[in-house]
Structures are given as structure tokens and as C-alpha cells.
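Note sheet for the following structure.
Just so you know, all these numbers are worked out from the coordinates, no wet-lab data involved. Bear in mind the structure is a predicted one, so any value in this text is a computation, not a measurement. Using ideal geometry, Cβ is built from the backbone for each residue, glycine included, and neighbour counts are taken over all protein chains shown.
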């Protein structure tokens, strides 16, 4: 399936001679830590603060990724010059970068790094620390930080530090919290896992005392360093939505995921707000002192929220309780709750034509797919639901194959695209296909799941199944959303 959109290459900008700043190296490995590390040059908090504070010209590797793009927006708002590199693919963040005049070089040629660069930031994407641009920086006395280190330091720079974690729902929950604080006049700094919400960018640097961060449990740089990224954070307050088995490329099982959250909860300075309806989360809280957490979810006070779905409403209760504990009043919270329209690619309405709705959703885990379909049933109980799902990574698809099939079966019809594999997986070869999901479904007696290999095949099947009154969802963490224009053309022809 061809979804890549080409983009003209940028030329490296002219720049001054390098500053030749010293590069602190050779941090020691903590052998008491259960997570795999390879002696990464992690620095003390004071050193990281100096590196970030002194940086004037920042280069970001993989700048189009949602987290990196939002970090770029924050650093630019802080007064730093920011450029970066990525592939030529069009991302949902591309418009934000262009709007803020942040140059993106195509590819990872070391010549793209301006000579006056005094800080390079990288993540696990694009080979992590082995990326040629990262290696060039390390070898040429350019200071290097991982995204997790930078985010932790940004959090430490604020008076009141809030993190939102959980296997599902953390993006919408953190976006709701950031939106409420903005509407309440607090001008927070925030970084959430979406390109936008309510017309605000997914990352911003404010002059208020609050910072809101979406805390990610994924590993720093697998397989080289399997330390969960959120272990670098030291928040005052945490909202945790749930704990589930995901990221099978870095976690062995659900117990392994629980251990990661247990360590993170130890980092929390003041209070954890936890959804009491999640069994896995409650089992982890059994190890946490009762005075350190507040449960939400049981007493569903009457309030309105501008987005559909029982899960969203449930997690909004956590936001509400935290805001009240921070000193805000219920009647102050009512308006932003009602006006919150959700994060981009989360139950996002893309089109309505020919009495057919087209929505896009980031759901890429079986429980997220199920929750999105249930929310759609609740909102449109008399309409058929058609899902176009793009599985994300071979490891997740293989590990959760049965769960994917049973979740997709809850739609009236589901079409499964070729799997969107990570760069690391592409190097190792394909281990499962969307056709395998279809065959497994049929073996279970489930006949409403169909795979496809090409866009033309999808559009042909969609034309045969689509009628006015239907609801279509594109789902997945890959690039399935790019089919929206072609799907709209099919919608217009539906009879």
C-alpha cells in the first residue's frame, strides 16, 4: 500500500564555526536496575540543566515524530534555534513545523548538522544512538541528550509538575488537562502525544507554574537500553488511566509492564490519581502507600465533556479531581470540559458526506479498538460501523493476534491493511501478515474481517459494502489516515 508522500529536500543552512563544547561521557551502568542498559552517557540533573540551558542551536534527529516535533516547538518558544532531520514522508506534525519555520532536512547525512550546533537530541527512532548524525555529534564534541532527558529537565524547571501515564487514553487525558489549565488562565507548558487539540499545538512553552507531560512507558532505545522513558521523570502529580500489556518488543508480559509502572510510581513526589476500575492498575497500587494515591471512577458526578466514549468520560474524572485538589472550583472546570473537542487522530471527524461519517482514530491496541467501536455504537446506535485498520508492528500484531481479531469483529465490517512495521522490524523481516489475521478470524468462525494488499483492492471492497448511513473509521498508529481523500471519493459514490 503506497501511502508515502514525497517532499523536496532541504539544503543545509550556512552557519558559523562550531563552538567545540565539551561532551560529558561515560556514565556508569546501575546494576541494581532491572532494565538493560549499555553504559549510556546519562548525566546528572545538574549537567543536563547546564547542557539544555546553555544550548542556543539545537538539532533534533527524527524531528517529525509527534514527541520530537512538540519538543521542537517548546524549544523554539524558549528562544532556541531549532532544526532537524527525518525521512521525506509527510507526517501529521509537518504543518506545525512549517508554520513555526523549523527546517527539516531529508535524510540523516551528517553534513546537514549546522556547524554552530551545540546540542543534538535523539530518540529511539531511526536507529537511536547508532544513527549516523548522533554518532557524528558524539565524535565531534557536540553535546548529545536523549529526548527523555530533555523532557525530564523541562519538567524539573517548573514549580508544579504533572504527568499523565497509562497504556491507553493518556494522550486525550493529558490534552484535556492542558486545555483546562490554558482556559483557566494558567498558561502551562505542556507536551502531549498529538499534533494538536482544540486548535492548539501538541507542545507549548508557557510562563505559568504548571507543566503537563504525557509520560511514555516505552523503552529509551531498544534493544540497547530498555529503561522505560518515564523513569526519567520526577513528577509531583500523576494521573494513571490504566495498565495493559503492550509493546511486546520491550515487555515480556503484563507483569513486566506492571513492574515498569511500579518503579515510576516511586518517582512521584506528591500524589497519584488512579482509575479504580482498572484491575491491573489496582494491583500495582497495592504496593503504594494509601496516603499517596486518590482513586477516581466510582462516583460519576454529573458533568459534560465534549468528546464521546465511556473511557474518555472516566478519565476526565481523574482530571477533574486533580484540578479540584489544585484549588480550582467545579464551576470553573465546567466550560473547558464542555468545549474540549479532543486530540487529533482520537475519534476525529474527518468528513460527513452522503449521510456517511468518516472518522480517524489512533487506536492500535485491541482494547483501544474495542473502546472506539463501543463509543461509536453508543453515539450512533442505529448505524453500521466499518473499520479500516492498519496493524502497527509485527511484534504487537503477533503477540495480540487473538485479541485483535475479537476486537475487530465488533465492527460490522473490518478491513485490515498491510502491517505498518517499524524500521527495526523491516531489517529483521516480516513475521506475520494481515492475511494471517484474516485467516485466523475465519478459523474462529468470524467472517466480517477481510485483509487487503493494495488501495485499489480496499476501495473495491469498500464500494461493495458501503451505503448511506454507515460510519467509517480509519484506525492505527501508522499512516492509514492518509487515505482520507480517496475514501471520501468512495463515500460520494455510495448508494
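Numerical summary
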quantity: Projected label distance in nm at residue 157 and residue 302, using a 7 Å step from Cα toward the beta-carbon; calculated: 4.5
quantity: The chain, helix-only ellipticity at 222 nm - DSSP H runs n ≥ 4, -39,500 (n - 2.57), divided by all residues, nearest 500; calculated: -10000 deg cm²/dmol
quantity: DSSP-defined beta bridges in the chain - what % are antiparallel, rounded to 5; calculated: 20
quantity: FRET efficiency, residue 378 to residue 443 (Cβ-Cβ, R0 30 Å, nearest 0.05); calculated: 0.45
quantity: Anisotropy class of the stretch 45-146 from Cα gyration tensor, a/c 1.5 cut; calculated: oblate
quantity: Burial ranking of peptide ranges 458-464, 224-230, 393-399 (average Cβ count within 10 Å, highest at the top); calculated: 224-230, 393-399, 458-464
quantity: For the chain: relative contact order, % (alpha-carbon pairs under 8 angstrom, 6 or more apart); calculated: 12
quantity: Cα→Cβ-extended label distance, 7 Å offset, between residue 254 and residue 187, nm; calculated: 4.6
quantity: Mean Cβ count within 10 Å, highest first, over the residues of peptides 272-284, 179-191; calculated: 179-191, 272-284
quantity: Global form of the stretch 158-339, assessed from the alpha-carbon gyration tensor, a/c cut-off 1.5; calculated: prolate
quantity: The stretch 158-339: relative contact order in percent, alpha carbon pairs under 8 Å with at least 6 residues between; calculated: 22
quantity: Whole-Å semi-axes of the ellipsoid equivalent to the stretch 348-493 (Cα gyration tensor, √5λ, descending); calculated: 24, 16, 14
quantity: Calculated FRET efficiency for the pair residue 456/residue 101, C-beta based, R₀ 51 Å, to 0.05; calculated: 0.85
quantity: For the stretch 197-233 and the stretch 361-393, distance of Cα centres in Å; calculated: 26
quantity: Centre separation in Å (Cα based) which lies between the stretch 409-425 and the stretch 452-495; calculated: 14
quantity: Alpha-carbon spread of the chain, three principal axes, descending order, Å; calculated: 66, 52, 42
quantity: The stretch 263-335 and the stretch 429-445: distance between their alpha carbon centers, rounded to Å; calculated: 38
